[in-house]
1. Restricting the first residue to segment 24-40 and requiring it to be within 12 Å of Ala66 (Cα to Cα), which pairs with a second residue that is modelled with pLDDT of 95 or more and open to solvent by 40 Å² or more (accessible area, probe 1.4 Å) meet a Cβ separation below 7 Å and a spacing of at least six or different chains?
2. Based on this model, can you work out whether Trp68 counts as of a type outside the set (Lys, Arg), surrounded by fewer than 13 Cβ atoms within 10 Å (Cβ to Cβ) and modelled with pLDDT of 95 or more?
3. Kindly indicate which of Lys74, Lys2, Lys111 is charged (D, E, K, R) and at pLDDT 90 or above.
4. Considering segment 5-55 alone, what residues qualify as being surrounded by fewer than 12 Cβ atoms within 10 Å (Cβ to Cβ), among the β-branched types (Val, Ile, Thr) and part of a loop (DSSP other than H, G, I, E, B)?
5. Within the set of pairs 6+ apart or on separate chains, which have a first residue in segment 51-64 that is on the phi < 0 side of the Ramachandran plot, a second that is open to solvent by less than 30 Å² (accessible area, probe 1.4 Å) and among the hydroxyl-bearing types (Ser, Thr, Tyr), and C-beta atoms under 7 Å apart?
6. Can you say whether Thr28 is modelled with pLDDT under 95 and among the β-branched types (Val, Ile, Thr), as far as the supplied structure shows?
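The values are calculated or read from the model by the stated rules, or taken from the named source; none is laboratory data. Everything numeric here is computed off the predicted structure, so don't read it as measured data. Positions of Cβ are generated from backbone atoms using ideal geometry, with glycine treated the same way; all protein chains shown enter the neighbour counts. The protein model used for the area step is the full one, side chains on, heavy atoms only, and it has no ligands, DNA or RNA in it. Shrake-Rupley method; radii C 1.70, N 1.55, O 1.52, S 1.80 Å.
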Amino acid sequence: MKLTREQAARPSPPPLEANDQVVIWVGTAAWAVALVVLLIIRDRIPADQRWWIWTCVCGVAFGIFASWYVPRLKRGRARAAARRAAQKDDGQSAPRDSGSNTVSSTETPGKSTRS
């Protein structure tokens, strides 16, 4: 399919933002329904397939954890973006922090990494 000049010049639309809480709770509800179904029919499930019950339990647990964690993660990212924007407005360049606590061999004089 060949694009026309107008189609090629048109900017792509911004990505859609999903409602995280709805996505999390729909997924958690699906795991909960599967768990209830498996608990009802657990006597008919072969012994080597009963691990599915624990998979559903983990799905529900991770969903509950995600409903707590994701909003905090998004708030932290928003605060970091606001800090970067404020520093940019002030004309300051923020140093990049990799989050690593390791010390390079150049920062410790007299210590060699070679044997």
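1. Within 7 Å, the pairs are Thr28/Ile64.
2. yes
3. Lys74
4. Once the filter is applied, which keeps residues that are surrounded by fewer than 12 Cβ atoms within 10 Å (Cβ to Cβ), among the β-branched types (Val, Ile, Thr) and part of a loop (DSSP other than H, G, I, E, B), segment 5-55 yields only Ile41.
5. Val60/Thr28; Gly63/Thr28; Ile64/Thr28
6. For Thr28, the condition - modelled with pLDDT under 95 and among the β-branched types (Val, Ile, Thr) - is not met.
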